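Worksheet: one structure, shown below.
The values are calculated or read from the model by the stated rules, or taken from the named source; none is laboratory data. Being a predicted model, the structure only gives us computed values, none of them experimental. Cβ coordinates were reconstructed from backbone atoms using ideal geometry, including for glycine residues, and neighbour counts include every protein chain displayed. Accessible surface areas use protein heavy atoms only, side chains included; no ligands, DNA or RNA. Shrake-Rupley method; radii C 1.70, N 1.55, O 1.52, S 1.80 Å.
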Amino acid sequence: MRALVHVRLKPDVLDPQGKAIRNACGSLGYGAVNEVRQGKLFEIGLDAADEAGAQKLVAELCDKLLANPVIEDYEIVRIEP
């Protein structure tokens, strides 16, 4: 199975990398870009008996390893067979 997980900063956390990207967009002539928030996208291959088991395993990985719960939220975008 394969899982796709998106980890992003919580809305109230400052995002200096996103701000730098937004400023660079303006410098490159993309003035229509008024906000950028950076994040991480994880593609995870795993062995699981079923989708429910895969969902549980990926959620545990996110809680313990992939996301910092103090400053980040995560979303399990999809799990594919």
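Worth a mention:
- Region 21-47, residues that are of a type in the set (Asp, Glu) and over 30 Å from residue 2 (Cβ atoms): 35
- Contacts under 6 angstrom Cβ, first residue in region 69-81 being among the basic types (Lys, Arg), partner surrounded by 13 or more Cβ atoms within 10 Å (Cβ to Cβ) and in a strand (DSSP E or B), 6 or more apart: 78/4
- Residues that are open to solvent by less than 50 Å² (accessible area, probe 1.4 Å) and over 24 Å from residue 58 (Cβ atoms) within region 1-39 comprise 15, 18, 24, 25, 26, 36, listed in sequence order.
- Among the residues making up region 43-81, those that are open to solvent by 40 Å² or more (accessible area, probe 1.4 Å), among the aliphatic types (A, V, I, L, M) and not in a helix (DSSP H, G or I) are 49, 70, 71, 77.
- Restricting the first member to region 13-25 and to residues that are part of a loop (DSSP other than H, G, I, E, B), and the second to residues that are at pLDDT 95 or above, the beta-carbon pairs closer than 7 Å and six or more apart or on different chains are 13/71; 15/9; 15/37; 15/38.
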